[in-house]
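Quick note: the coordinates plus some simple rules give every number you see, no bench work behind them. Everything quoted here is computed from the prediction, not taken from an experiment. Note that each Cβ is placed from the backbone with ideal geometry, even for glycine, and that neighbours are counted across all protein chains shown.
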Amino acid sequence: MKKNKVIIIGAGISGLTTGALLSNKGYNVKIFEKEQIIGGRALTFEGTDITLDKYKKILPRFNMSIAFSEPSIENIFSKKMINGYKLDLGYHAIGGGVLSNVNSVLSEFNEHVDFLESYVGFVKKDGYNYPFLSKADKLKILPNILKLLFASEKTLKKLDKVSMTDTIKQYGKGKMKLILEVFSRSITTLNNLDKISTGEMFRAQRNLYKGSKPVGYPVGGLESISNKFEEIIKKNDGEIILGKKVENIIVKDGKAKGVIVNGEEHPSDFVVSSILVKDLFKIADTKHFPKEYVKYLKSLIGTASLCAYYSLKNIPTEIVGKTFHFLERNIGIDGNDVVGMIDFMSSSEKSKLNPKNEFLVQSYVICTPDEAKNPLVLKKLRKLLDINLNRLIPDYKSNLNWAIYPAIWHLDGVAKTIESDKPEIVTPVKNLFLVGDCVKAPGIGFNCALNSARILSDEILK
């Protein structure tokens, strides 16, 4: 296999996972990453080290902006308020916790990442329920949940074109209705139930029923995952070349032959792109692809959110380490009702994200890519985040050190909807492949990205 050269474009989670799996099988792996840091859209930065100038410059390159901050972002950085914190670009909860696909893949190398885990609670106007469902609720809804969760693939394929709106009409009675409304949105990062595929939602939710708690977050931030895969790649003599942007994919006679970087050709037997599929044709000439394929990829859109990082002086002990969903009705944006999450796993001392005696809270609220660019919508969504945090910690503002609200309009590369089917890993160009949360693989977000790498390694490049 050492004779088989693989060039991977992008050192995000899917690119790094692909590199680890293939280098472990003996492929000669080289990864080109245009940034000076690994992790892609799931990168972590040290608050002590990053400057405001670097922060402002990196955000637009990942389809992000700072929508709000309190106090001003200039004050936060000039007064070094984020010293001692670790922040990700945008918050990513990982479905499945300890038993998520992250550690499933790493187990192939006898490695693992430590996870914090939480059940999920639900924010009410007068407090919260934790966990989301009581034992009595679970007994009532268990038969219907199991029926959907463990349906055959044949049944799920039939449900792929059935919207969650229709599924809720059939199964949504009492607490079951609330579960389907909230979890279908939080799993897919979509608010519009008419667009959410029932089949895809339940495939994704299966990850939450492996014996671990449903939501996880890696100790030390998302970089702990990237760093682990980097170690594996280098151990297997693979290369990760930072600060080098791929300018073009070389295609001859319908076959990918390598890439061009800084005007220099780098030949390879296989090329794997882990960048957003919407950006593929910035580095690949459309003449090598069927017109319908080009049109199709360009039509795909991602998911989005408004995130919030809150630094607090104090947090009630009883909610440290817990995670909560909220649902707000009749907001007047796509889907009308809106779901978000407030995560206190990061406030735990075990998270290694906080300086001593301070607490980090991570949260997000779902929106569409267009809404994530709309100042009026973002203002409305920020209010929802603040209101729901206040329900959990009344008058939290008296304990607030600072807050940063990043808006991201490519949280997942391609939304799994009824209308937009994700593309296959195999492209019309021979030996050119796609991986990441943009392609057709089980799960959403992190899990989709990891599974796409596994499919490529196990089934395609045998």
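Assorted remarks:
- Residue exposure sequence - 134, 14, 23 - by fewest surrounding Cβ within 10 Å: 134, 23, 14
- Based on Cα contacts under 8 Å between residues 6+ apart, the chain shows a relative contact order of 24 percent.
- Cross-link pairs 34/462; 86/416; 86/352; 157/422 - those with Cα-Cα distance over 19 Å: 34/462; 86/416
- Cα gyration tensor, segment 156-238 - rounded (a/c under 1.5), prolate or oblate: prolate
- The Cβ shell under 15 Å around residue 290 holds other residues with a net charge of +2, Lys and Arg each +1, Asp and Glu each -1.
- Here the Karplus curve 6.51 cos²θ - 1.76 cosθ + 1.60, taken at θ = phi - 60°, turns the phi angles of segment 276-292 into couplings of 4, 5, 5, 9, 4, 7, 7, 10, 9, 5, 5, 5, 8, 10, x, 4, 5 Hz, with x standing for Gly and Pro.
- Calculated from backbone phi, Karplus (6.51, -1.76, 1.60) coupling profile of segment 169-185 in Hz, x at Gly/Pro: 4, 7, 10, x, 10, x, 5, 4, 4, 5, 4, 5, 5, 7, 6, 5, 6
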